[in-house]
Every structure is written in structure tokens, then in C-alpha cells.
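Working notes, beginning with the structure itself.
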There are 2 protein chains.
Amino acid sequence: MSFDLDRLHCAHERIRPYIHRTPVLTSSRLNEASGASLFFKCENFQKIGAFKARGATNAVFALDDATARRGVATHSSGNHGAAVARAAKLRGVPAHIVMPSNSAKVKIRAVESYGAHVVFCEPTEEAREATCADVIAKTGATLIHSFENENVIAGQGTAAVEFLEDVPDLDVIMCPVGGGGLLAGTAVAAKSIRPNIKAIAAEPANADDAAQSFRAGRRLVTQKKFTIADGLRTNIGEPNFAIVQRYVDDIVTVSEAAIISAMRTIWETMKIVIEPSAAVPYAAIQERAIGVKGKRVGIILTGGNVDLDALPWGSRAS
Amino acid sequence: MSFDLDRLHCAHERIRPYIHRTPVLTSSRLNEASGASLFFKCENFQKIGAFKARGATNAVFALDDATARRGVATHSSGNHGAAVARAAKLRGVPAHIVMPSNSAKVKIRAVESYGAHVVFCEPTEEAREATCADVIAKTGATLIHSFENENVIAGQGTAAVEFLEDVPDLDVIMCPVGGGGLLAGTAVAAKSIRPNIKAIAAEPANADDAAQSFRAGRRLVTQKKFTIADGLRTNIGEPNFAIVQRYVDDIVTVSEAAIISAMRTIWETMKIVIEPSAAVPYAAIQERAIGVKGKRVGIILTGGNVDLDALPWGSRAS
């Protein structure tokens, strides 16, 4: 898989009509608390409420007409499913989204609202992949994997392209890492545009396969504990890890308590809704897992899709 | 009390270094749901988390040096107290904030964080006014009333000035009404800049003194039931009502259920945190208390200070 800035700019041109150019927000309170200048790229305001709209749209629109007409398929319990469904609707082609039978109703409705065909399966990784393969065999649809796909990676990288257009002199760029689609795209974009920038990922300590792999110098499949950061439970992908090894400077890990605290701090201080996964980089700053004093730090807030009936800090209700 | 656009522009020049020029957001989903083009002026992103920073800053900075040096005082259980405390700190003069003894700890801490002197009193309107008068008698401080003050009204009107600079062709401008500081300032600004605009206020049905007064043609003090929109529990002020009679086109009322539903819709769809009072105008649109089909409607989202431990839709917790 080879990447360069041209490829990212081409992805950006392709998806521009279909995505938001999201704003960059700052907070004087969070700057004071961190001793740094923090910039937050608000992908929680993105279409479908998450950066995933970028990669899925790029991958679906990159298909040639004949291939696209046979449809697209993916498996996802989260934002990528909605992103592929929306992109297929925009392109006017069928979408088959395989979802675990225990998916949240709100996520199923989101996918269905774009007219996609939802196929339910047992809630295991094996069942998801087998069911998706089956759908593809029957329909001739093209798999749009949520991170092991170069057009998805290039699409996710467009957030960093915009970020560095708006704030060119960042010292550090941060995002969370799950499968590594966003991290790979971000790191390639940031290092190509600004070679001296540090690209740093943050990961829940309870699902730290990327951090462990990064230190070991080879991709490890690790045992995981539960993390509230539901977007980051997956293992880092093969091509993603190769890019991460080449372009990423560090991967830091954070506790569950730090994730919840960071999420709440951002809601209260910045008055924006972000999902737990999006809070992971700021958690690393708040928990001092990374030193940022005096630096200009860009953080990609990855999404804002959260169940308001089940917030992690509970509620006294009224 | 006389107002014109010069006065509002003068207020704007005065406070510009100390406030945010807040962004205007849109949502294709809410446009579809309403059949209108909705524009949201995000004063929840304002300093201290609410538009109140505008009026208080204007009033405090409008004082001559000798008067300012004797300090400022107000009574408030909410955002205005923090706004006056912050403005006084910026000007380098003492602030005395009278707060009911049962005020939320987070609000007390906010006022104290600006170095203001907090004076507690019994949680009644009479005790607040008496205690504040006492503080003023002892200190020589100047009262900065939260809405019956022309510099406060002019300051609040600067939100509408910015709004119409950013979206000049609004058909309707909406805000909630409590004491009427924001409404008076908004109506004067909007009608002066764009005479054909409709200025429409929204009020909780459970605290509808302004709507009743508007229909009666004279200021009524009415019986109130509890409303979750804590910023709108107060009666409309005397000078505020005079301006409202002259410049406002209508005042519509909404149910408590509509306020909670509108607040949740905005959190979920726009991914921003707003307080219940800020949801009242959109509640009127969602509840069809006002017809907006095909219109370009500007809504001032007044604030985002909400207790995340006591959200009105409860929580299953996790």
C-alpha cells in the first residue's frame, strides 16, 4: 500500500461535496489546564456524527460504475455501517450492512434510514465476517472494510489535511487508535504536510494491542478487557500497522476513569457532545500520559454518537 | 430608555476584546424536520457558557473609572453572577455577588473562580434584593441588574448584531424570554438592521408572564408553575416590556415536555450541549407553536450550563 499527499488530496476532492468541513474549536480553560495550546477538530459534527463518513464515502465513490452497481457491503455495529449506507445512497447503489443481532436500536435505525439492507448475525467477529462473505457471494457486492482498505485510510486522512490547512503550525497531532484507519490516514497526511510534526495515538489501556504491537515491533493480537471506548475495541489492521510503524511517533494508553473524566470535561467546558472513543487523546493529556507543555497540539475529536440514556457518569435524574 | 443601532455597535466595540464571536451552526436533519432553514447562534460556546457575558461586560466596562473602582454588585443564582464576576475581574474592580444559600455548588465555584466576593442569602426574591441593597449601601458598589439595565440590554443585543452580519437574510429571529434582557436587545438590533424581520420570543407555558402581558398590552405579574427552563423563571422587567411591546411580533409558549424533547434533539442531532432555557425556541418549532415552513429562521442558543448529573431524561447509567 503506498500513500502520498496527492492521494489524500484526490480523496479530499472526491468526497468534498458529501462531507462537512468541520470546524476547529479551542478552549481557554483547557489551554490553562494543560499548559498547551489545544486545537480540537470537531468530527463529532461530521455527517453521520463521526469521521467515518470520510473514508466510507471515498471508498464507495472510488469504485468504477460497473462494480459500484453491484452494490457494497460491510459489517459494523457502529458508525462505519451508517457511513457506508449513506455513501451508497448518495451514489445510488445498494448497500448490505451486516450487524450483530444485539446492536443498539438507534444504530440499526440510522443504517436503515439511508435505505440500506440490514443483515443480522450472531454477535461474534467470526459470524460477522462469515455473514458478510455470504452476502458478497450472493450479491456480487464489494466489501468496504472499515479500516483494512486503502481508500478508507485515504479518506480518513482528509481530516488531518483540513486540520493542517486551518492550523498549519501544529507541533503534535493526536487521534485515538482502534483498527487504525484514522491513525494511518492522519499520520501519513500530517508527516507529508509537516515532516517535523509528532503524530501520537492514544488507546484505552484495556484494549492496548496497538501500543503493545508498536513497542514489540510486530503486530500482536492481545487479550482485551472491556473498554467504554466502543469504537476502539478492535485490533489494529495489518496494512494499518505497517503505516503506523513508519509514520507514528508514539502510542500512549489511558485508563477507563481517565476516558470518562476527559469526556465529561469536554462536554462541560466546550459544550459539545463527544463519544467515549473521542475523549481518549484528551484523556492522555489530562492524565499526563503525554507531556504537551508549551506545545501546539491538534486533537481529532472522532465522533459524537452516544446514547444519552446511558451516560457513563450515571444521573440522579429529575 | 432609548436605543438605536449606534448604541448597539458601541456596545459591541466595547466588549469585543472580552467575548467570543460565537459560530452559527446549521443541521440538515433539523432543516428537513422543520421544513425551514434554521440557523443556530451558539451562545452556549460564549465565555462563561452563556450570552450573559455580553451584557454584564458591557455594563461593567461602561462605568466611569471612579464609579467602577467602588465595585459592582448583583444578585443571581445563575449565569449573570458569573458574568458580572468575570467582567469585574477583567476590569480589575471588586465584585459582590449575592447568591441564594441553596445555589448549586458548581455555580458558586464558577463565581468564586473569578475572585468575586460571594454573599449568601435566603432563597427568596425579597432576601436577594434586600441583601444586595445592603451590600451596595456598605460598599458603594454599583448594581448591575441582570436585565433592567440599558447597558445590559445593549450588550445582549450584540448577539443579534453578529447573527445578522453572518446571516443577513433571516426572515425570523427567535430567542427565549425570561427577564427580557436578551429579547429586548435582540428585537431592537434585528428590527434596526432588518426592519422586515419577525422577532419572535418563546416562553415556557409554566412561566408565561411575558406572553400574557404581551396579549394584555400591559405588564402582568402572573402565578407560575415549575419550569425546567431555570433561566426563564423570572418576570419580564419594566423597561424590557416597553421595548418588547414596540419591537416584538409575537411571544409563543411551549410545554415542559416540548422543552425536554427539543433539548435532547439538539444534543443528539447537532452534538452540542445546551441548557433547557436554550431549547425553548426550537421547542416552539418542533411543537408547531409557530409556522416556519420555507422560512430562514435564526435561533439564539442562549447557554450550555447544565448539570450533567441531573439530565431531564434520566439515565440507565452503566
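Screening the candidates B:Pro204, B:Pro168 for the property of being touching a residue at least 24 places away in the same chain (Cβ under 8 Å) and open to solvent by 10 Å² or more (accessible area, probe 1.4 Å) yields one hit, B:Pro168. Restricting the stretch B:78-104 to residues that are within 13 Å of B:Ala141 (Cβ to Cβ) and in a loop (DSSP other than H, G, I, E, B), the residue that is most open to solvent (accessible area, probe 1.4 Å) is B:Pro94.
For A:Leu30, the conditions (1) in contact with a Gly (Cβ under 6 Å, 6 or more places away or on another chain); (2) more than 11 Å from chain B (Cβ to nearest Cβ); (3) closer than 23 Å to A:Met263 by Cβ are fulfilled apart from (1).
On the given criteria, is B:Val280 outside any loop (DSSP other than H, G, I, E, B), more than 14 Å from chain A (Cβ to nearest Cβ) and within 23 Å of A:Met270 (Cβ to Cβ)? Walk me through how you get there before you give the answer.
Values: outside any loop (DSSP other than H, G, I, E, B): yes; more than 14 Å from chain A (Cβ to nearest Cβ): yes; within 23 Å of A:Met270 (Cβ to Cβ): yes.
Answer is yes for this residue.
Candidates A:Ile274, A:Ile266, A:Ile259, A:Ile285: the one that is open to solvent by less than 10 Å² (accessible area, probe 1.4 Å), assigned to a helix (DSSP H, G or I) and at the interface with chain B (Cβ under 10 Å from one of its Cβ atoms) is A:Ile266. Here A:Asp309 passes the criteria (1) at the interface with chain B (Cβ under 10 Å from one of its Cβ atoms); (2) open to solvent by 30 Å² or more (accessible area, probe 1.4 Å); (3) part of a loop (DSSP other than H, G, I, E, B); (4) in contact (Cβ under 8 Å) with a residue 40 or more places away in the chain except the one numbered (4).
Against the conditions (1) within 14 Å of chain B (Cβ to nearest Cβ); (2) more than 24 Å from A:Met263 (Cβ to Cβ); (3) in contact with a Pro (Cβ under 7 Å, 6 or more places away or on another chain), A:Cys42 satisfies every one except (2). Test B:His96 against the criterion of being in contact (Cβ under 8 Å) with a residue 40 or more places away in the chain, within 20 Å of B:Phe45 (Cα to Cα) and within 23 Å of the chain's Cα centre (by Cα), and give yes or no. Answer is no for this residue. Might you check whether a residue that is within 14 Å of chain B (Cβ to nearest Cβ) and not in a loop (DSSP other than H, G, I, E, B) occurs anywhere in the stretch A:229-252? Yes, the stretch A:229-252 contains a residue that is within 14 Å of chain B (Cβ to nearest Cβ) and not in a loop (DSSP other than H, G, I, E, B). Of all the numbered requirements in (1) open to solvent by less than 30 Å² (accessible area, probe 1.4 Å); (2) within 24 Å of A:Val24 (Cα to Cα), A:His75 misses one, and that requirement is (2).
Being among the polar types (S, T, N, Q), surrounded by 20 or more Cβ atoms within 10 Å (Cβ to Cβ) and in a helix (DSSP H, G or I), is that true of even one residue in the stretch B:153-165? Outline the logic, then answer.
The first filter runs over the stretch B:153-165 and keeps only residues among the polar types (S, T, N, Q), leaving B:156, B:158.
After this cut, where a residue has to be surrounded by 20 or more Cβ atoms within 10 Å (Cβ to Cβ) as well, the list is B:156, B:158.
Applying the additional criterion that residues be in a helix (DSSP H, G or I) yields B:156, B:158.
Scanning the stretch B:153-165 turns up at least one residue that is among the polar types (S, T, N, Q), surrounded by 20 or more Cβ atoms within 10 Å (Cβ to Cβ) and in a helix (DSSP H, G or I).
Can you report the number of residues in the stretch A:21-62 which are outside any helix (DSSP H, G or I), charged (D, E, K, R) and open to solvent by less than 40 Å² (accessible area, probe 1.4 Å)? Can you show your working first?
Within the stretch A:21-62, the first condition is being outside any helix (DSSP H, G or I), and the residues that meet it are A:21-27, A:35-42, A:46, A:50-51.
Right, trim to charged (D, E, K, R) and you get A:21, A:41.
Retained after the next criterion (residues that are open to solvent by less than 40 Å² (accessible area, probe 1.4 Å)): A:41.
So the answer is 1.
When A:Lys198, A:Lys225 are checked against the criterion of being open to solvent by 10 Å² or more (accessible area, probe 1.4 Å), touching a residue at least 24 places away in the same chain (Cβ under 8 Å) and in the same structural domain as A:Ala33 (by TED's automatic domain parsing), a single residue qualifies: A:Lys198.
Residue selection: B:Thr253 satisfies the criterion of being open to solvent by 50 Å² or more (accessible area, probe 1.4 Å) and hydroxyl-bearing (Ser, Thr, Tyr).
Tally the residues that are of a type in the set (Val, Ile, Thr), open to solvent by 10 Å² or more (accessible area, probe 1.4 Å) and within 13 Å of A:Phe147 (Cα to Cα), restricting the search to the stretch A:228-239.
First, pick out the residues of the stretch A:228-239 that are of a type in the set (Val, Ile, Thr): A:228, A:234, A:236.
Next, only the ones that are open to solvent by 10 Å² or more (accessible area, probe 1.4 Å) stay: A:228, A:234.
If we keep only those that are within 13 Å of A:Phe147 (Cα to Cα) as well, we get A:234.
Total meeting the criteria: 1.
The values are calculated or read from the model by the stated rules, or taken from the named source; none is laboratory data. Keep in mind the model is a prediction, meaning the values are calculated, not measured. Neighbour counts run over all protein chains shown; Cβ positions are idealised from the backbone, glycine included. Heads up: the accessible areas ignore ligands, DNA and RNA and are worked out on the full protein's heavy atoms, side chains in. Shrake-Rupley method; radii C 1.70, N 1.55, O 1.52, S 1.80 Å.
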